[in-house]
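The values are calculated or read from the model by the stated rules, or taken from the named source; none is laboratory data. If you're wondering where the values come from, they're calculated on a predicted model, not measured in any experiment. With ideal geometry, Cβ positions are generated from the backbone for all residues, glycine too; neighbour counts draw on all protein chains shown. When the accessible area is computed, the model is the full protein with side chains, heavy atoms only, and any ligands, DNA or RNA have been set aside. Shrake-Rupley method; radii C 1.70, N 1.55, O 1.52, S 1.80 Å.
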Amino acid sequence: GVARRRTLANKDFSPLLSSRGDVGGEELLIPWMNMVIARAAARAEELLSWPHITTTDRGRLEQVLKQKKISNLGVDLSNCVALCTLSALIKATKDGRALAASDLWPLDERDLDLRASHLCSNISVFAPTSKAKSLLVPTEVAAGMEGLMQPFLASLFLSDPLLPDIPEDSDMSDSKKRRNLEEVLSHMEEIAGEAASECLQDPQPLLQSGEDFNIFVSTSVEQLLLRWVNYHLGQIHDQVVENFGTDLQDGMALGLLLGMLAPECSPYPFSLDEEERLEQIVAASVRCAESELLSVAAIIEGQSDVLASFLAQLFLARPHLNARPESVLSMHLHLLEGTCSNGASVLNGVLGTEKVMDFCVGLEARWPSIAQAY
């Protein structure tokens, strides 16, 4: 929130904003992708003019030059060229250099299904959260299905928008800069949802009566995982899950868990027919973990090692143990967020320079609480 706005305060968001005032997922992401395509095409044209360019590099760069502007986030991305240019630009930016033809290596693959698989493995590295990493599915990309492309792209944008800085001689007012910043970021954060940033997790709900956090040191990973599963299922499932084998074989507990933790990926409620339900669970699980572990056979046979591994990945990607409003952790978070927000407003001049001293005096008075929260 506050840190992101401060980091991106000098970026020029105006090219993404429609003169008609339309602001939404596609209205922001499509212009952004077209800016990426244009920037990559300019660099490709430059590289193609160099002598002694290899045949492989020429093939990659020519595909970038041939890429037209997109008008949707489904079919127009199915050849993976636009997404490869995005991945390549992000990598180059993080490395502090210009785009290189070697960054476009997934374009060497002619088979679109395999290309999409290479692309998803490549671009997911830059996703800012575990949840974001699992949003892209190669088969959906190759088939031109939009799927969860919007939240994935929005999460990448919030991590690194690849936008130019506002020129120093720009006549754009500070209020206009702040308005553009807030308009774009607030919509991108809404689109990305929990994929945008990792929420601080509070393991307190996993404690049993009379326990403190020291118990986690002596409790096995398997028991902690079972506690986590049963914590989420406690209000909606009438049976306690005691193992990773027979208790999960019918898919009922897995379906309820996925419906709670990943509703956007699940056909909730899952089918009452067991065979169909297990197929739905396996399909949904692809989006919830970084590697494809589950199979219908693994569930039916109660393969506890596979099921435990999947649940461990699900825990890491979607723990859903956000600090509760009444918890001490939540109170600490509110204090830190409020202090940072007020400090950013003072530094940006929103509250006026005369407020700086008042803020510093108040900061000194609250410092013991802030130090404890930190």
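Answer yes if at least one residue in segment 245-266 is open to solvent by 20 Å² or more (accessible area, probe 1.4 Å), closer than 30 Å to Leu28 by Cα and without any contact (Cβ under 8 Å) to a residue 12 or more places away in the chain, and no otherwise.
The answer is yes, given that some residue of segment 245-266 is open to solvent by 20 Å² or more (accessible area, probe 1.4 Å), closer than 30 Å to Leu28 by Cα and without any contact (Cβ under 8 Å) to a residue 12 or more places away in the chain.
Got a sec? Which helices (runs of 4 or more DSSP H) wholly within segment 96-215 have at least 1 residues that are of a type in the set (A, V, I, L, M) and open to solvent by 30 Å² or more (accessible area, probe 1.4 Å)?
Correct list: 112-123, 174-192.
For Trp228, only one of the following conditions fails: (1) modelled with pLDDT of 90 or more; (2) not in a helix (DSSP H, G or I). What is its number?
(2)
Identify the single condition in (1) under 30 Å from Pro31 (Cα atoms); (2) at pLDDT 85 or above that Glu194 does not satisfy, given that it satisfies every other one.
Tallying (1) under 30 Å from Pro31 (Cα atoms); (2) at pLDDT 85 or above, Glu194 fails exactly one: (2).
Here is a list of conditions, (1) over 26 Å from Pro151 (Cα atoms); (2) outside any helix (DSSP H, G or I), and Ala253 meets all of them except one; can you say which number that is?
Tallying (1) over 26 Å from Pro151 (Cα atoms); (2) outside any helix (DSSP H, G or I), Ala253 fails exactly one: (2).
Among the residues of segment 91-112, write down those that are touching a residue at least 60 places away in the same chain (Cβ under 8 Å) and of a type in the set (Gly, Ala, Ser).
none
If we scan segment 2-24, do we find a residue that is touching a helix residue (DSSP H, G or I) at 6+ places or on another chain (Cβ under 7 Å) and at pLDDT 90 or above?
Checked against the condition, which is being touching a helix residue (DSSP H, G or I) at 6+ places or on another chain (Cβ under 7 Å) and at pLDDT 90 or above, segment 2-24 yields no hits at all.
Just checking: which of the helices (runs of 4 or more DSSP H) contained wholly in segment 263-374 hold 1 or more residues that are within 30 Å of Arg179 (Cβ to Cβ), over 24 Å from the mean Cα position of the chain (by Cα) and at pLDDT 75 or above?
It comes to 328-347, 355-373.
Does segment 232-240 contain any residue that is open to solvent by 80 Å² or more (accessible area, probe 1.4 Å), of a type in the set (D, E, K, R) and assigned to a helix (DSSP H, G or I)?
No, segment 232-240 contains no residue that is open to solvent by 80 Å² or more (accessible area, probe 1.4 Å), of a type in the set (D, E, K, R) and assigned to a helix (DSSP H, G or I).
I need a count of the residues in segment 216-229 that are open to solvent by less than 40 Å² (accessible area, probe 1.4 Å) and not hydrophobic (A, V, I, L, M, F, W, C).
Qualifying residue count for the region: 1.
Here is a check on your reading of the model: is Ala88 farther than 18 Å from Ala154 by Cβ and either open to solvent by less than 10 Å² (accessible area, probe 1.4 Å) or free of Cβ contacts under 8 Å to residues at least 60 places away in the same chain (or both)?
For Ala88, the condition - farther than 18 Å from Ala154 by Cβ and either open to solvent by less than 10 Å² (accessible area, probe 1.4 Å) or free of Cβ contacts under 8 Å to residues at least 60 places away in the same chain (or both) - is met.
Taking the criterion of being touching a Ser or Thr at 6+ places or on another chain (Cβ under 7 Å), surrounded by 15 or more Cβ atoms within 10 Å (Cβ to Cβ) and in a helix (DSSP H, G or I), would at least one residue in segment 63-79 satisfy it?
yes
Consider Leu321 carefully, then state whether it is of a type in the set (A, V, I, L, M, F, W, C), under 23 Å from Ala196 (Cβ atoms) and in contact with a Leu (Cβ under 8 Å, 6 or more places away or on another chain).
Yes.
From the list Ala143, Ala132, which residue is small (Gly, Ala, Ser), in contact with a Ser or Thr (Cβ under 8 Å, 6 or more places away or on another chain) and under 15 Å from Cys265 (Cβ atoms)?
Exactly one of Ala143, Ala132 is small (Gly, Ala, Ser), in contact with a Ser or Thr (Cβ under 8 Å, 6 or more places away or on another chain) and under 15 Å from Cys265 (Cβ atoms), namely Ala132.
Only one of these conditions is not met by Tyr231: (1) without any contact (Cβ under 8 Å) to a residue 24 or more places away in the chain; (2) within 18 Å of Phe315 (Cα to Cα); (3) among the hydroxyl-bearing types (Ser, Thr, Tyr). Which number is it?
Evaluating Tyr231 over (1) without any contact (Cβ under 8 Å) to a residue 24 or more places away in the chain; (2) within 18 Å of Phe315 (Cα to Cα); (3) among the hydroxyl-bearing types (Ser, Thr, Tyr) leaves (1) as the failure.
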